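Here it is: the structure, laid out below.
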Amino acid sequence: MLYRNARIENAKESCDIRVENGLFKEIAPGIEPREGEKTEDLGGRLVLPPFIEPHIHLDATLTAGDPVWNMSGTLFEGIECWAKRKDKLNAEDVKDRVRRAVRLYAGNGVQFIRTHVDVTDPSLTALKAILEVREELRSLADIQVVAFPQEGILSFPNGKGLMEEAVRMGVDAVGAIPHFEFTREYGVESLNFACELAAKNDLLMDVHCDETDDDQSRGLETLATRALEYGLKDKVTASHTCAMHSYSNAYVLKLMRLLKMSEINFVANPLVNTHLEGRADTYPKRRGVTRVKELAAAGINVAFGNDDLFDPWYPMGCGSMRDAVYLGLHVVQMMGYGDIMNSYRFVTENAAKVLHLGDRYGLRSGNPASFVVMEAGDYFEALSHNAPVVLSVRNGEVISRTKPAERQVIG
Ligand code: FE2
C-alpha cells in the first residue's frame, strides 16, 4: 500500500509512505507505485504519529448525569454523584462504557491510552473488567492500566493489599495519591510503598500528585527523590502537580534541580484542572495547571491529558486530544508560533515517553505503520480550525475514516 503526498509532521515538502505487512517499509519523496500496488493520495494533508491519551479514568467515563448531574461542578459534588453511580457498577457496565469511549478515541486518531482504574474497591470489579476488555479492543488501541488508589493507600482499609492484588492481576503501572492521604506522613509512606512495589515488579508509575491548590502539598519532592533513589527515573510520571502552580518561586527554583536529576515525566490536564482547581479562591482565581512552560524549558518531559470524559467530575469531552492541547496552550501561555506548531508533541511523542512506548512508536521505516491524517496542511491550521482526523491507520490497517463537513456560505 502506498500513501502519496503526505506532509509529515509539518514538513514543507510532501512525501510518500509505503506500508507492507503492517510496517512502514519506506518513507521518502517520489516513491513510484509497483505494479498492482494500491495507492491513496493524501492531497498534501498533515500526517502525524497516532495521538496518545496519557491520562484518563475509563472506569468512570460516560456516566455524567447518571443518575444525577453535578450541579455545582465541584470535585466534592462529583464524588457524591459517583457514590450514587457506583451502585450500578458491574463488569458489563464498565466494559460497555470502555468500548464506547475507545471507539470515540479511535475516531479522533487516538491509538494509545493510559487509564487509571480505582482499586479502592474490595471486589476490584472495574479493574477486572478493564483488564478483560482491553484485549478485545487491541485492534483499536493499546490500553495501559494504572492501579489508582482513589481513596488512598494508607487511608483506605487494606489499601496496600489491594494495590498488591492489582499488581498480581496484571496492571502496567502503580499509582498513588499522596495529597489525599489523611496525613502528610501517610502521603510519604504511600509513595515509599508505591515506589517499592513498582521497583520490585518492574512496573511503571503514575502518581496523582498534589492535585490541590495547597502550596504546602509536597508529594512531588518525595516522588522525584524516590524515583531517583530506586533508579525508576523516567518510568515515573507525576500527574497533575497542581500545587506547583502555587509554590513560591524560590521553592520551585530549588525543586527544579531535583526534577531534572530524577528524569521523571509530567502529565498536565488543563481542561479538568482549570475547571476543578481554584474553587476555594474568590478573586483572583488560580488556574491550577502546573508550570508546563518552565518544565518544558528545563528539558523536562510534559504531556497533556484529558483526565475525564463525560463523567461526574467533568461533563465535556468527545475523545479527542485537541481540546487539551488547545486550552493547554492558552492557560500556560505557550502561544508563540513555534509553540503552536510543535504542540502536537504534548499528545504524541511526549506522551509516548510517559507510556514508555520506546522506538517502535513514530513515523520511521521498520516501525508499525500507525499514523493519522488531518484535514490540514500543518498543525497550526489543524489546531486553530479544529480539523478532524480524516484517516487513522494502525499497524497498516485503516481503523477510522472521517468525512470533513461541508459548509456553504450563501451571499
Ligand atoms: Fe486523574
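Does the stretch 24-36 contain any residue that is in a strand (DSSP E or B), under 22 Å from Phe380 (Cβ atoms) and of a type in the set (Lys, Arg)?
No, the stretch 24-36 has no match at all.
Then there's this: State yes or no: is Thr290 within 16 Å of the ligand (Cβ to nearest atom) and β-branched (Val, Ile, Thr)?
yes
Out of everything in the stretch 197-225 that is hydrophobic (A, V, I, L, M, F, W, C) and either over 22 Å from the mean Cα position of the chain (by Cα) or more than 16 Å from the ligand (Cβ to nearest atom) (or both), what residue ends up being farthest from Thr74 (Cα to Cα)?
Ala199
What about Pro270, is it surrounded by 24 or more Cβ atoms within 10 Å (Cβ to Cβ), under 24 Å from Cys81 (Cβ atoms) and modelled with pLDDT of 95 or more?
Yes.
Further question: Residues to consider are Ala194, Ala176; find the one that is within 16 Å of the ligand (Cβ to nearest atom) and under 22 Å from Phe76 (Cβ atoms).
Ala176
While we're here: Only one residue in Ile56, Ile27 is buried (at least 19 other Cβ atoms within 10 Å of the Cβ), touching a residue at least 40 places away in the same chain (Cβ under 8 Å) and under 24 Å from Ile143 (Cβ atoms), so which one is that?
Residue meeting the stated conditions: Ile56.
Taking the stretch 230-274 only, how many residues are touching a helix residue (DSSP H, G or I) at 6+ places or on another chain (Cβ under 8 Å), in contact (Cβ under 8 Å) with a residue 40 or more places away in the chain, within 14 Å of the ligand (Cβ to nearest atom) and under 13 Å from Leu204 (Cβ atoms)?
Qualifying residue count, the stretch 230-274: 2.
Filtering the stretch 39-62 down to residues that are over 25 Å from Ala173 (Cα atoms) and among the β-branched types (Val, Ile, Thr), which residue is farthest from the chain's Cα centre (by Cα)?
Selected residue: Thr39.
Let me ask something else. It is to be established whether one or more residues within the stretch 123-134 are under 21 Å from Arg226 (Cα atoms) and either more than 23 Å from the chain's Cα centre (by Cα) or free of Cβ contacts under 8 Å to residues at least 24 places away in the same chain (or both).
No, there is no match, as no residue in the stretch 123-134 is under 21 Å from Arg226 (Cα atoms) and either more than 23 Å from the chain's Cα centre (by Cα) or free of Cβ contacts under 8 Å to residues at least 24 places away in the same chain (or both).
Determine, yes or no, whether Val354 is of a type outside the set (S, T, N, Q) and under 21 Å from Glu263 (Cβ atoms).
yes
While we're here: Please indicate, with yes or no, whether at least one residue in the stretch 204-223 is farther than 19 Å from Tyr251 by Cβ and surrounded by fewer than 19 Cβ atoms within 10 Å (Cβ to Cβ).
So far as the stretch 204-223 goes, no, none of its residues is farther than 19 Å from Tyr251 by Cβ and surrounded by fewer than 19 Cβ atoms within 10 Å (Cβ to Cβ).
On the basis of being closer than 14 Å to Val331 by Cα, out of contact with any helix residue (DSSP H, G or I) (no Cβ under 7 Å at 6 or more places or on another chain) and more than 16 Å from the ligand (Cβ to nearest atom), does Glu277 make the cut?
For Glu277, the condition - closer than 14 Å to Val331 by Cα, out of contact with any helix residue (DSSP H, G or I) (no Cβ under 7 Å at 6 or more places or on another chain) and more than 16 Å from the ligand (Cβ to nearest atom) - is not met.
Report, by residue number, each residue of the stretch 122-166 that is touching a Ser or Thr at 6+ places or on another chain (Cβ under 8 Å) and part of a strand (DSSP E or B).
Correct list: Ile143, Gln144, Val145, Val146.
Which one is surrounded by the fewest Cβ atoms within 10 Å (Cβ to Cβ), of the residues in the stretch 63-109 that are part of a loop (DSSP other than H, G, I, E, B) and within 17 Å of the chain's Cα centre (by Cα)?
Asn108
Between residues in the stretch 196-220 that are assigned by TED's automatic domain parsing to the domain that holds Val354 and under 19 Å from Gly170 (Cβ atoms) and residues that are away from the ligand (no atom under 14 Å from the Cβ) and in a helix (DSSP H, G or I), which pairs lie under 6 Å by C-beta distance while being six or more apart or on different chains?
Asn201/Val167; Leu204/Lys235; Met205/Ala198
The values are calculated or read from the model by the stated rules, or taken from the named source; none is laboratory data. These numbers were taken from a predicted model, which means no experiment stands behind them. Glycine also receives a Cβ, built like all others from the backbone with ideal geometry; neighbour counts cover every protein chain displayed.
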